[in-house]
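Notes follow once the structure below has been shown.
The values are calculated or read from the model by the stated rules, or taken from the named source; none is laboratory data. From a predicted model like this one, the values you see are computed outputs, not experimental measurements. Virtual Cβ from ideal backbone geometry, glycine too; neighbours counted across all protein chains shown.
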Amino acid sequence: MTGQDEAPTPGGKSETVSAAKDAAIALVAKTLAAAAHDVFVHLAMQAGQREMGTELKSFLGGANSPQMPPEALDASYQALIDDLEGASDADFDGGYVAQQQSVHGATITLFETYRKSGSGGLANLCGLTLPVLEHHREMADDLAAKLKR
């Protein structure tokens with residue numbers, strides 16, 4: 001065996017290095033989990049600002065929580081609204097339905113991912129919310145099919 005394949009010697013330098021590596025990995029995992037939570041909260045609030053903002057806020061500790069993202073839409077979601085506001089009457093329906101399909105698809109992926117990798121009440125909220133999001137996507141798909149007729 002090479003030195004890398006051997007178990008660390010108790011009390012030796014390799015055991016200390018191994019313990020330090022384990023501690024560093026645990027710290028990185030904890031940091032990534034916290035970052036994933038923060039990213040999820042921000043994206044979920046943007047995606048569901050009108051539909052589930054109240055429920056999400058209740059899991060985060062209310063409006064005064066330091067975890068709360070800003071109430072305003074970020075630039076990418078605001079651009080979607082701006083596109084609809086600037087659309088002609090003839091283009092509005094198709095644009096609206098296409099946005100609904102896209103946004104609901106992305107939101108479902110976000111919620112499925114966090115439900116699997118997150119924990120606690122927020123992960124449970126994702127599980128409870130997914131059927132509603134999936135139903136909304138189905139409604140958008142139905143609208144798209146009707147527009148094509």
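Taking the criterion of being among the polar types (S, T, N, Q) and without any contact (Cβ under 8 Å) to a residue 60 or more places away in the chain, the residues of region 95-112 that qualify are 99, 100, 101, 102, 109.
Among the residues of region 126-145, none is identified as among the hydroxyl-bearing types (Ser, Thr, Tyr) and either without any contact (Cβ under 8 Å) to a residue 60 or more places away in the chain or not in a helix (DSSP H, G or I) (or both). Of everything in region 73-86 that's among the charged types (D, E, K, R) and not in a loop (DSSP other than H, G, I, E, B), which residue is farthest from residue 146 (Cα to Cα)? If we take residues in region 73-86 being among the charged types (D, E, K, R) and not in a loop (DSSP other than H, G, I, E, B), then 82 is farthest from residue 146 (Cα to Cα).
Determine if region 83-92 includes at least one residue that is surrounded by 16 or more Cβ atoms within 10 Å (Cβ to Cβ) and either at pLDDT below 65 or of a type in the set (Ser, Thr, Tyr) (or both). No. Mind checking which residues of region 113-125 are without any contact (Cβ under 8 Å) to a residue 24 or more places away in the chain and either touching a helix residue (DSSP H, G or I) at 6+ places or on another chain (Cβ under 6 Å) or under 14 Å from residue 93 (Cβ atoms) (or both)? Of everything in region 113-125, those that are without any contact (Cβ under 8 Å) to a residue 24 or more places away in the chain and either touching a helix residue (DSSP H, G or I) at 6+ places or on another chain (Cβ under 6 Å) or under 14 Å from residue 93 (Cβ atoms) (or both) turn out to be 115, 123.
Total residues in region 87-125 satisfying the condition of being assigned to a helix (DSSP H, G or I) and either more than 23 Å from residue 76 (Cα to Cα) or of a type in the set (A, V, I, L, M, F, W, C) (or both): the figure is 18. Of a type in the set (Asp, Glu) and within 17 Å of residue 43 (Cβ to Cβ) - does that describe any residue in region 104-123? Yes, the conditions are met somewhere in region 104-123.
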